[in-house]
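Comments concern the structure below.
The values are calculated or read from the model by the stated rules, or taken from the named source; none is laboratory data. These numbers were taken from a predicted model, which means no experiment stands behind them. Using ideal geometry, Cβ is built from the backbone for each residue, glycine included, and neighbour counts are taken over all protein chains shown.
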Amino acid sequence: MMPGLAISLLLLVTCAISQMMSVSSWCPRQSEAKFVQKTNKFWEFEEQRNTWVEISLPYDLISCVDDNCSKVASIVDMDQKQAGLASQDEPEDHDAALPLRRRISLTRMSEASVWVTGQSGSIYERFWNGVKWVIAPHELPGPTARAISVFIVNQTILALSEAGQLYQLQVNENSQPIWIEFMFASLESGRTEEELSSNVQIKSGVVSHDGERLYLSTVTGTLLEISEFHPLRWEDHGRPQGGDNSAIADTGALRPGIVFTISSSGNLYEFDKGSKPSWKKHIWSDPSVNQTSLETTGGCALHGLAGAHSSSLFLLTKVENRFVELLPD
């Protein structure tokens, strides 16, 4: 077997306190850790080459504590293992590979902290502890809570689950970080906590271009804006007349304070709470493409393509995934 390296980045149970965060990172005790292999594809980061390199299987996972290193698990070639078991007429004892899901996301908190949601719906943080890059898991509560994205707004960390529930990372009385379900209403309204936890179901979210706000699209098609967390300040901007908000295309990168959304039917809308009316529908300048629908996904704002002060928002169409360009007035 190829010997494992102590610096391996293969989900080893290593934890440290991040100097860049207001909360400490938590890691389960080594005795509770259990490595479960789901795939044959693994990479490790080579610091000398400053790049990720795919490893060869089999591969040993090594844990080191105070310079005492020991083998804790091994990564095997699942195809070879399955073939060997089949030849012995024994049942397979490994889990099937996970199906492809759109849960993977990468969120940068600082130069020393990156938050990742994995394909399985797990959350973990990669941060620099002053000596090396380490991993700290931050799983959502409950066995069925799977994360699809992480949002960081002014050092406030939130996560969105596949079920549409928003969670906020807080510190408990033992100074340990825990996920708390985010409530959009006040208990003073007379509603129970159970009612409040399910009053808003989120479909997707985007942090504003200036990093000061969080915009959320609900499953009912409304647009929410959270401007402060301590104390909580949020607004329900509703939906455009005759349309809804299926995806948030831009949150101020094209024009400060202006939000662009895409409806489930593929129309582009602009929201400006400082104008009357607040919602405006964009139409095609070329009548021949008037029936073209946009893909319900985020856009890409670029500046300076047609001059030093020009701005453009590029979007995808549902048919043929063509690029279209929005040129603001």
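A few points about this structure:
- Test: residue in the range 61-68 that is modelled with pLDDT under 80, part of a loop (DSSP other than H, G, I, E, B), out of contact with any strand residue (DSSP E or B) (no Cβ under 9 Å at 6 or more places or on another chain) and not β-branched (Val, Ile, Thr): yes
- Strands (runs of 3 or more DSSP E) contained entirely in the range 114-163, each with at least 2 residues that are among the basic types (Lys, Arg): none
- The range 26-60: number of residues that are at pLDDT below 75 and out of contact with any strand residue (DSSP E or B) (no Cβ under 9 Å at 6 or more places or on another chain): 5
- Of all residues making up the range 227-246, the number that are buried (at least 22 other Cβ atoms within 10 Å of the Cβ) and not in a loop (DSSP other than H, G, I, E, B): 0
- Residue in the range 247-268 that is in a strand (DSSP E or B) and either within 21 Å of residue 167 (Cα to Cα) or out of contact with any strand residue (DSSP E or B) (no Cβ under 9 Å at 6 or more places or on another chain) (or both) present: yes
- Per the listing 121, 130, the residue uniquely at pLDDT 85 or above and farther than 26 Å from residue 202 by Cα is 130.
- Check on residue 219, crowded, with 20+ Cβ neighbours inside 10 Å and out of contact with any Cys (no Cβ under 7 Å at 6 or more places or on another chain): no
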